[in-house]
Amino acid sequence: QVQLVESGGGLVQAGDSLRLSCAASGLTFSRYTMAWFRQAPGKERDFVARMHWFGRATYADSVKGRFTISRDISKNTVSLQMNSLLPEDTAVYYCAADDSGRGYAYWGQGTQVTVSS
């Protein structure tokens, strides 16, 4: 049974930093592309960042230069370091896992990030 559990969300001020983590279990972590998505109130879920299974990171334009995705294969975790946070970064952040390009079949429960101005 695959489980993705996010942690690290919270309430911060604009300009602050926050680090999200996602602990994965029940899958061969090194084979999966891991990603972060976010959903703001009343909006669709948007892509934020992706760590391909072969180690390449890609980002949404809105977070490039501010967010960094990383993974620790030994611990089955993927993290999202968020710097210079903006109020528009406020959302529920979700971790997701994609097996070999078949789509994100697995999702975490989400963690709330709120950035006050």
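State whether one or more residues within the range 32-42 are in contact (Cβ under 8 Å) with a residue 40 or more places away in the chain, of a type in the set (S, T, N, Q) and outside any strand (DSSP E or B).
Checked against the condition, which is being in contact (Cβ under 8 Å) with a residue 40 or more places away in the chain, of a type in the set (S, T, N, Q) and outside any strand (DSSP E or B), the range 32-42 yields no hits at all.
Please state which of the following conditions ASP89 fails to meet, knowing it meets all the rest: (1) buried (at least 21 other Cβ atoms within 10 Å of the Cβ); (2) within 19 Å of VAL115 (Cα to Cα); (3) touching an Asp or Glu at 6+ places or on another chain (Cβ under 9 Å); (4) not β-branched (Val, Ile, Thr).
(3)
Name every residue in the range 102-117 that is under 12 Å from the mean Cα position of the chain (by Cα) and not β-branched (Val, Ile, Thr), in order of residue number.
Scanning the range 102-117 gives TRP107, GLY108, GLN109, GLY110, GLN112.
So how many residues does the range 1-56 have that are farther than 17 Å from ASP72 by Cβ, among the basic types (Lys, Arg) and surrounded by 12 or more Cβ atoms within 10 Å (Cβ to Cβ)?
2
Note down all Cβ pairs under 8 Å where the first residue falls in the range 44-73 and is within 25 Å of ARG102 (Cβ to Cβ), the second is part of a loop (DSSP other than H, G, I, E, B) and open to solvent by 60 Å² or more (accessible area, probe 1.4 Å), and they're at least six residues apart or on different chains.
Cβ pairs passing all conditions: TRP53/SER100.
Mind checking which residues of the range 92-117 are assigned to a strand (DSSP E or B), open to solvent by 60 Å² or more (accessible area, probe 1.4 Å) and more than 19 Å from HIS52 (Cα to Cα)?
Within the range 92-117, just GLN112 meets the criteria.
Take the residues of the range 59-86 that are in a strand (DSSP E or B) and open to solvent by 30 Å² or more (accessible area, probe 1.4 Å): which is nearest to CYS22 (Cα to Cα)?
THR77
The values are calculated or read from the model by the stated rules, or taken from the named source; none is laboratory data. As the structure is a prediction and not an experimental result, all values here were calculated from the model. Counting neighbours? That spans all protein chains shown, and the Cβs are built from the backbone with ideal geometry, glycine included. These area figures cover heavy atoms from the full protein model, side chains too; ligands, DNA and RNA do not enter into them. Shrake-Rupley method; radii C 1.70, N 1.55, O 1.52, S 1.80 Å.
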